[in-house]
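Reading through the structure tokens given below for one structure.
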Amino acid sequence: MANVDSPFGLYPSHYIDGTPWNGQTIQCYCSASYATALYVGDPVLWTPTLAEKDATCTRPTINVSAGTSGTIIRGVITSFEPSPTNLSLQYRPASTERVANVVLATPYLVFRVQDDGDGTPAAVWAGQNAVLANVGGGSTTTGLSGYELDASTTPTTTQAHTLHILGLANIPGNTLGDYAIWDVILNTCMNSTGLYLGITAA
């Protein structure tokens with residue numbers, strides 16, 4: 001059976017030693033001055049815009065990361081704090097103040113991501129580096145991100161690519177083909193010593 005095209009962004013699954021993700025996140029601020037919608041599963045970075053910073057100075061302020069080669073990913077949105085005016089709102093509309101829960105990216109946390117079906121997945125992708133694409137945008141219904149592994153940019157050894165592919169996710173029905181779900185680590189994140197990881201794939 002063919003894989004189903006159903007993007008969800010990046011989903012924290014487990015640590016590289018096999019232990020489950022512990023669910024730990026931090027709260028991050030989304031400024032009303034930021035005119036881009038945010039979704040669960042979006043990769044994020046700290047804002048470079050001083051005017052967007054949290055006035056309480058207690059939380060990092062986030063923008064979405066493009067996920068393209070040479071960009072930084074600080075973490076991934078896992079949920080949003082409830083909106084007092086709309087408790088069913090699952091995403092953060094553009095130009096809206098909101099608080100997001102973000103899992104910080106480390107070299108040890110494995111994420112799952114679907115490829116966008118715009119290439120030919122192959123066994124040699126395991127151990128290579130890839131980038132993200134957000135062609136369709138997020139869903140205002142489910143609140144899920146539209147980010148996917150960009151299959152049209154063939155995975156390679158490029159150190160600046162944002163994802164390091166470990167292999168196909170061990171999920172029933174997940175096969176090597178278009179819209180496969182992959183286990184990855186974030187390749188341009190911060191490691192335990194505060195340095196960017198940047199694996200040059202073999």
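The values are calculated or read from the model by the stated rules, or taken from the named source; none is laboratory data. This is a predicted model, so every value here is computed, not measured. Neighbour counts are summed over all protein chains in view; Cβ atoms, including those assigned to glycine, are modelled from backbone coordinates with ideal geometry. These area figures cover heavy atoms from the full protein model, side chains too; ligands, DNA and RNA do not enter into them. Shrake-Rupley method; radii C 1.70, N 1.55, O 1.52, S 1.80 Å.
Amide H neighbours of residue 161 under 5 Å, at least 5 residues apart or on other chains, H built in the peptide plane: list them.
Result for residue 161 returns 70.
If we restrict to alpha carbons, what Rg and Dmax does the range 59-177 come to, in Å?
My reading of the Cα-based Rg and Dmax gives 15.7, 49 Å.
Could you provide, to the nearest whole Å², the per residue accessible area of the range 6-85 with probe 1.4 Å?
On a per-residue basis, 49 Å².
Grab the other residues whose beta carbon is less than 14 angstrom from that of residue 20, score K and R as +1, D and E as -1, and report the net.
Taking every Cβ under 14 Å from that of residue 20, the sum is -1.
With θ taken as phi - 60° and the coefficients 6.51, -1.76 and 1.60, list the Karplus ³J(HN,Hα) couplings across the range 137-146 in order, rounded to whole Hz; mark glycine and proline as x.
So the J values, rounded to whole Hz, are x, x, 9, 6, 8, 8, x, 8, 5, x.
Looking at the square roots a ≥ b ≥ c of the eigenvalues of the Cα gyration tensor of the range 1-55, which shape do they give, rounded for a/c under 1.5, prolate if a/b is larger than b/c, or oblate?
Oblate, since a/c reaches 1.5 and b/c is not below a/b.
Tell me which residues come under 5 Å, amide H to amide H, from residue 95 once H is placed; ignore anything under 5 positions away on its chain.
34, 35, 36
Treat every Asp and Glu Cβ in the chain as -1 and every Lys and Arg Cβ as +1, leave all other atoms uncharged, and give the resulting dipole magnitude about the Cα centre to the nearest 20 debye.
Taking the Cα centre of the chain as origin, the dipole is about 480 debye.
Give me the number: length gained by fully extending residue 89 to residue 58, i.e. 0.36 nm times residue separation minus the C-alpha to C-alpha distance, one decimal in nm.
My answer for the length gained is 8.8 nm.
May I ask you to order 170-181, 148-159 by the average number of other C-beta atoms within 10 Å around their residues, highest value first?
Ranked by mean Cβ neighbours within 10 Å, highest first: 148-159, 170-181.
Taking the Cα centre of the chain as the origin and placing charges on Cβ (Lys, Arg +1; Asp, Glu -1), which of 1, 70, 130 is farthest toward the positive end of the dipole?
After comparing all options, I get 70.
Where the centroid of each part is defined by its Cα atoms, how far is the range 34-53 from the range 124-191 in Å?
21
Probe radius 1.4 Å, ligands and nucleic acids left out: which of 8, 111, 80 has the largest accessible area, and how do the rest follow?
Ranking 8, 111, 80 by accessible area, largest first, yields 8, 80, 111.
Could you give the spread of the C-alpha atoms of the chain along their three principal axes, from largest to smallest, in whole angstroms?
Principal axes ranked by extent give 48, 39, 30 Å for the Cα atoms.
Could you order 14, 161 so the one with the most accessible surface comes first? Probe is 1.4 Å.
So, going from the largest accessible area down, we get 14, 161.
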